[in-house]
Amino acid sequence: MSFGSLIRSLRKQNNLTQAEPADRLGITDKAVSKWERDLSYPDIALFPQLADILGVSVNDLLLLDNGDGTQSRLSQIFRLSHDIRTPLHFILGCTDLAMKYRNDPEALNHYLECIRISGNYLLDAVNYLMRIASDNNRNNTGKPLIHIDEAWESLSSRSDQQTPRKYDFRGRKILVVDDMELNREIAAEILKPTGAFIEYAENGKQAVEKFRNTACDLILMDLQMPQMSGSEAAAAIRALNDPVLASVPIIAMSANIYEADRKAAEDAGMNGFIEKPVDVGKLYDTLWQYLGTG
């Protein structure tokens with residue numbers, strides 16, 4: 001079953017006209033019609049709401065294959081989003097750091113090199129995305145299923161970042177858990193103005209062990225890590241016998257924006273989800289919810 005056939009089938013099962021989901025999504029009837037004829041895909045940001053309207057999960061909309069057991073093009077594009085957002089997070093974070101340390105030649109060269117390497121990774125990801133779209137064009141008699149500019153705009157979108165208010169978290173301890181050193185470095189620079197004391201862990205297993213020995217006030221947890229994932233680490237912390245330790249706020253901070261990852265984080269007991277590239281204002285506001293009143 002194609003994506004369009006699935007959408008049409010689910011819409012009819014729910015006794016919906018094309019106009020009804022279009023109205024709830026804030027789009028035109030024509031857009032829904034194109035989806036159902038496999039002429040285009042919905043914007044990535046619309047998938048959670050579309051799934052809710054049709055009474056299914058986002059995974060149900062993505063777990064279609066090509067008839068031979070291989071992943072559908074749409075599923076490949078969604079999974080590729082992590083490989084695009086990760087280097088984009090590095091590029092944006094290191095650009096900020098390069099500007100901050102522009103008078104320090106050694107630091108400046110370090111961050112510029114990180115930007116160059118991340119740019120190459122990002123280029124590879126975009127080239128792969130273009131190959132997927134090209135294959136779609138050939139397999140659908142010249143009718144594109146997705147516009148490259150729309151996919152790129154959705155995958156690489158970043159919230160406008162305004163200068164955040166001065167948040168003071170002095171006396172608070174935050175544990176940053178991430179297996180990539182550059183991610184930890186970027187997080188440290190983002191959190192430095194808050195005055196919080198920062199601890200680090202390189203994987204979920206280390207995070208649980210460190211938290212048991214040195215309690216903190218909040219944990220920023222990556223999801224995809226070796227030895228123990230962020231969701232597994234969060235579940236282990238929630239299972240601790242000490243109710244105070246077990247209730248520590250845990251915020252996922254990840255480039256995994258796939259619905260299954262969000263659900264796994266929620267099921268593990270995490271309190272929130274921050275996407276990479278990080279919107280600094282959103283991160284500060286989230287920290288304020290848990291650290292700003294004590």
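Details
- A simple count of charges around residue 100, restricted to other residues whose Cβ falls under 11 Å of its Cβ and scoring Lys, Arg +1 and Asp, Glu -1, yields -1.
- With neighbour counts taken as other beta-carbon atoms within 10 Å, the residues 110, 89 rank, fewest first, as 110, 89.
- Of 100/276; 173/263; 30/263; 30/276; 34/276; 100/282, pairs whose Cα-Cα distance is over 24 Å: 173/263; 30/263; 30/276; 34/276
- As a length-normalised measure over Cα pairs under 8 Å and 6 or more apart, the relative contact order of region 3-62 settles at 36 percent.
- 276, 263, 30, 210 arranged by Cβ crowding within 10 Å, fewest neighbours leading: 30, 263, 210, 276
- Per the Debye formula on identical point scatterers at the alpha carbon atoms of region 3-62, with no solvent, log10 I(q)/I(0) at q = 0.14, 0.16 Å⁻¹ is -0.30, -0.40.
- Rg/Rh for region 173-291 stands at 0.92; both radii use Cα atoms, and Rh follows the Kirkwood definition.
- Cβ crowding within 10 Å ranks 60, 279 as 60, 279, fewest other Cβ atoms first.
- Along principal axes, Cα extents of region 239-288, largest first, whole Å: 35, 27, 10
- One chain, two ends: residue 49 and residue 199. Fully extended at 0.36 nm per residue, the span grows by 50.3 nm beyond their Cα-Cα distance.
- Computing FRET efficiency as 1/(1 + (r/R0)^6) for residue 109 and residue 27, where r is the C-beta to C-beta distance and R0 is 45 Å, gives about 0.45.
- From most to least packed by mean Cβ count within 10 Å, the peptides 180-189, 217-226 give 217-226, 180-189.
Computed from the coordinates by the stated procedures, all read-outs in this text should not be read as laboratory data. No experiment lies behind these values; they were computed from the predicted model shown. We place every Cβ from the backbone using ideal geometry, glycine too, and count neighbours over all the protein chains shown.
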